[in-house]
Amino acid sequence: MNEIVQLNSKMKLSEHFTHGEMTKSNSHPEIYNIPSHEAIANMKRLCGWLEVLRSRAGAPIIINSGYRSPQLNKKIGGAANSNHLTGCAVDIRTSEMEQAICYAAILINYAKESQHDFDELLIEKNRYGAVWVHFAVRPSNNRRKVMFLNA
């Protein structure tokens with residue numbers, strides 16, 4: 001199949017994060033992954049947190065997965081109620097567990113300092129040893145869920 005060209009891929013959601021990197025799918029580029037205006041607003045809110053993380057980590061942040069359309073989410077086996085579906089979640093690539101823990105500490109400290117809530121902060125590891133941080137911020141009803149997950 002041919003890769004679908006994503007519209008507005010260069011549109012900035014924040015100073016360092018674009019619409020394209022928050023909607024790109026490396027595993028299924030053939031699937032339309034176009035967020036609603038509400039999901040774009042959610043991604044902008046989330047990117048505010050990512051800017052803080054980037055600044056405090058002192059290096060660029062690499063996004064593995066951001067917004068997912070229902071079709072993309074189903075294709076990759078995402079949870080039916082995933083925060084990715086509303087543009088509220090992002091998976092952040094890390095090189096190792098230590099970097100994931102550092103990222104998590106930065107995000108938790110920022111939440112305390114700013115008195116802003118987040119919904120989920122999960123450090124995940126798959127069966128191949130890849131480690132990433134799943135982070136989600138909803139417009140309301142955030143749970144401050146923090147966990148380590150082995151897939």
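The values are calculated or read from the model by the stated rules, or taken from the named source; none is laboratory data. Treat the numbers as computed from the prediction; the structure is a model and nothing was measured. Methodologically, a virtual Cβ is constructed for each residue, glycine included, from the backbone with ideal geometry; neighbour enumeration extends over all protein chains shown. With ligands, DNA and RNA removed, areas are computed over all heavy atoms of the protein, side chains included. Shrake-Rupley method; radii C 1.70, N 1.55, O 1.52, S 1.80 Å.
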The chain: mean projected area of Cα convex hull, nm²: 8.8 nm²
With loop defined by DSSP as not H, G, I, E or B, and exposure as at most 14 other Cβ atoms within 10 Å, which is the longest segment of the chain clear of exposed GluC sites (Glu not before Pro)? 31-95
Between Cys88 and residues 5 or more places away or on another chain, which pairs have amide H atoms under 5 Å apart, with H built 1.01 Å from N, and which residues are they? none
Keeping all protein chains in position, work out how much accessible area Ser36 exposes to a 1.4 Å probe, and write it in Å² to the nearest 10. 60 Å²
CD proxy at 222 nm, helix term only [per DSSP H run n ≥ 4: -39500 (n - 2.57); per residue of the chain; nearest 500]: -10500 deg cm²/dmol
Residue by residue through segment 65-78, which ³J(HN,Hα) values in whole Hz follow from phi under the Karplus form 6.51 cos²θ - 1.76 cosθ + 1.60 (θ = phi - 60°), with glycine and proline marked x? 7, x, 4, 10, 5, x, 5, 5, 4, 5, 4, 8, x, x
Please give the helix 37-57 orientation as an angle from the longest Cα principal axis of the chain, in degrees from 0 to 90, rounded to the nearest 10. 40 degrees
How would Arg138, Arg93, Arg68 line up by accessible area, probe 1.4 Å, largest first? Arg93, Arg138, Arg68
Acute angle (nearest 10 degrees) that the helix 97-114 long axis makes with the longest principal axis of the chain, alpha-carbon atoms: 80 degrees
Segment 8-94, Kirkwood Rh and Cα Rg, ratio Rg/Rh at 0.95
Could you state how much accessible area Lys112 has, in square angstrom rounded to the nearest 10, with a 1.4 Å probe and all protein chains kept in place? 140 Å²
Out of the total accessible area of segment 87-151 (probe 1.4 Å, heavy atoms of protein only), what percent is carbon and sulfur? 49 percent
